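Peer 1: Mind looking over this structure? Questions follow.
The values are calculated or read from the model by the stated rules, or taken from the named source; none is laboratory data. Just so it is clear, the model here is predicted, and its values are computed rather than measured. Neighbour counts are summed over all protein chains in view; Cβ atoms, including those assigned to glycine, are modelled from backbone coordinates with ideal geometry.
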Amino acid sequence: MNHIELRHLRYFIVVADELHFGRAAERLHISQPPLSQQIQALETHLGATLFYRNNRTVRLTQAGQAFLLEARQILQRVGEASAQAARIHRGESGNLTLGLTSSAPFLRRVSRTLHRFRLSYPDVNIRIEQLNSKQQIEPLLEGKLDLGIMRNGGLPDELEHHLVLSEPLIAVVHSDHPLNALKEGELTFQHLADQPFVFFSKDVGTSLYDDILGQLKAQGITPYITQEVGEPLTIIGLVAAGLGVSILPASYLRIQVEGVRYLRFGHRQGTTELWLVNHARRPVTAATRAFMELLLREE
């Protein structure tokens, strides 16, 4: 059986279809004697006679009829496997596992990319894991994530990042807060210096914790954190309850909650970056490359 080749199966099927070695040879674009030799070699390998032959007729034996069914299925599976491999090579099929920080889906650039990728590559299986930026690092190193969409922060040497966008920071305040009286562009970090602050818990490990507190510290501000939570939506909810103010990326403007207002800081007061991260030393699949290119050229 180790000596049977796919061409043997193709030759056999054509002879079985034609039940005539001459016509089969013409279809296969070979001469009749080599075709007869190949069928004899196949029968020898199988240890079974596949055709009854005489000077006037050719017909399948019972073994030949059974083998014909299997031979057709084998060639069909080979064809399907070949087509699947080619589609994966072109990025038209396969798997893509993405890590997304909680704010990423609220960014139009990310949501549009996901939508366009699904339309362009409907047969790629996309699996999304919602993880904060620091939680994505280990799965990226281990190969459990193909790509990570995260906030700027420290990365190990094995990972490389690509800037997706830079977005402003915004203040999150109660709708009755006196800061609402400020004119557009007047708000600064200093206005929040003495306010009760609702923010991420340090134990959550989000990159926004380090990023935003680092920017406040650069201006000599240590916020008075009175409430520590794990999720940005909880931060917004506690601000709505009047328990303090906060700072978040502008992508959260898309979340409208009763009792909350979002205020923009003055020019160049604060920004945060969104990164696309992949393993620098691991080959990138075609589907992964297609998604990367689509996200990085999206506007």
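Peer 1: So which residues in segment 33-88 are over 17 Å from ARG7 (Cα atoms) and aromatic (Phe, Trp, Tyr)?
Peer 2: If the condition is that a residue be over 17 Å from ARG7 (Cα atoms) and aromatic (Phe, Trp, Tyr), then PHE51, TYR52 are the ones that fit.
Peer 1: Condition check: without any contact (Cβ under 8 Å) to a residue 60 or more places away in the chain, farther than 30 Å from ALA280 by Cα and of a type in the set (Lys, Arg). Does LYS183 satisfy that? Break it down into steps so the answer makes sense when it comes.
Peer 2: Details: without any contact (Cβ under 8 Å) to a residue 60 or more places away in the chain: yes; farther than 30 Å from ALA280 by Cα: yes; of a type in the set (Lys, Arg): yes.
It is true that LYS183 is without any contact (Cβ under 8 Å) to a residue 60 or more places away in the chain, farther than 30 Å from ALA280 by Cα and of a type in the set (Lys, Arg).
Peer 1: Going through segment 27-59 one residue at a time, which ones are modelled with pLDDT under 90 and charged (D, E, K, R)?
Peer 2: Within segment 27-59, GLU43, ARG53, ARG56 meet the criteria.
Peer 1: Cβ-Cβ below 6 Å, separation at least six or inter-chain, first residue in segment 1-24 and over 15 Å from THR61 (Cα atoms) and among the small types (Gly, Ala, Ser), second in a helix (DSSP H, G or I) and modelled with pLDDT of 85 or more: which pairs?
Peer 2: The qualifying pairs are GLY22/GLN32; ALA24/VAL14; ALA24/VAL15; ALA24/GLU18.
Peer 1: Which of the residues that make up segment 223-251 are touching a helix residue (DSSP H, G or I) at 6+ places or on another chain (Cβ under 7 Å), more than 17 Å from HIS177 (Cβ to Cβ) and without any contact (Cβ under 8 Å) to a residue 60 or more places away in the chain?
Peer 2: VAL229, GLY230
Peer 1: Now a separate question. For segment 225-234, check the following and say yes or no: at least one residue is loosely packed, with under 15 Cβ neighbours inside 10 Å, at pLDDT 95 or above and under 25 Å from the mean Cα position of the chain (by Cα).
Peer 2: No, there is no match, as no residue in segment 225-234 is loosely packed, with under 15 Cβ neighbours inside 10 Å, at pLDDT 95 or above and under 25 Å from the mean Cα position of the chain (by Cα).
Peer 1: I would also like to ask the following. Any idea which of (1) buried (at least 20 other Cβ atoms within 10 Å of the Cβ); (2) in contact (Cβ under 8 Å) with a residue 40 or more places away in the chain is the one TYR209 doesn't satisfy?
Peer 2: Of everything listed in (1) buried (at least 20 other Cβ atoms within 10 Å of the Cβ); (2) in contact (Cβ under 8 Å) with a residue 40 or more places away in the chain, TYR209 misses just condition (2).
Peer 1: Right, next: Looking only at segment 183-202, how many residues end up being in contact with a strand residue (DSSP E or B) (Cβ under 8 Å, 6 or more places away or on another chain), in a helix (DSSP H, G or I) and surrounded by fewer than 17 Cβ atoms within 10 Å (Cβ to Cβ)?
Peer 2: 1
Peer 1: Just a yes or no: is a residue in segment 144-157 small (Gly, Ala, Ser) and not assigned by TED's automatic domain parsing to the domain that holds VAL284?
Peer 2: Filtering segment 144-157 for residues small (Gly, Ala, Ser) gives 148, 153-154.
Within this subset, residues satisfying the condition of being not assigned by TED's automatic domain parsing to the domain that holds VAL284 are none.
The answer is no; no qualifying residue exists.
Peer 1: Inside segment 138-151, can you point out the residues that are more than 11 Å from the chain's Cα centre (by Cα), in contact (Cβ under 8 Å) with a residue 24 or more places away in the chain and either assigned to a helix (DSSP H, G or I) or under 16 Å from LEU296 (Cα atoms) (or both)?
Peer 2: PRO139, LEU140, LEU141, MET150, ARG151
Peer 1: Let me ask another. If you take the residues of segment 235-284 that are assigned to a strand (DSSP E or B) and of a type in the set (S, T, N, Q), which of them is farthest from the chain's Cα centre (by Cα)? Walk me through it before giving the result.
Peer 2: So the first thing to find is which residues in segment 235-284 are assigned to a strand (DSSP E or B), and the list is 245-249, 260-264, 271-279.
Narrowing further to those that are of a type in the set (S, T, N, Q): 246, 271-272, 278.
On the way: SER246: 32, THR271: 26, THR272: 23, ASN278: 11 Å.
Filtering segment 235-284 for residues that are assigned to a strand (DSSP E or B) and of a type in the set (S, T, N, Q), the one farthest from the chain's Cα centre (by Cα) comes out as SER246.
Peer 1: Can you spot a residue in segment 112-125 that is among the aliphatic types (A, V, I, L, M) and touching a Ser or Thr at 6+ places or on another chain (Cβ under 7 Å)?
Peer 2: Pass one, segment 112-125, residues among the aliphatic types (A, V, I, L, M): 114, 119, 124.
If we keep only those that are touching a Ser or Thr at 6+ places or on another chain (Cβ under 7 Å) as well, we get 124.
Yes.
Peer 1: Regarding GLY214, is this residue surrounded by fewer than 17 Cβ atoms within 10 Å (Cβ to Cβ), assigned to a loop (DSSP other than H, G, I, E, B) and either assigned by TED's automatic domain parsing to the domain that holds VAL110 or among the aliphatic types (A, V, I, L, M) (or both)?
Peer 2: Numbers: surrounded by fewer than 17 Cβ atoms within 10 Å (Cβ to Cβ): yes; assigned to a loop (DSSP other than H, G, I, E, B): no; either assigned by TED's automatic domain parsing to the domain that holds VAL110 or among the aliphatic types (A, V, I, L, M) (or both): yes.
Spelling it out, it is not the case that GLY214 is surrounded by fewer than 17 Cβ atoms within 10 Å (Cβ to Cβ), assigned to a loop (DSSP other than H, G, I, E, B) and either assigned by TED's automatic domain parsing to the domain that holds VAL110 or among the aliphatic types (A, V, I, L, M) (or both).
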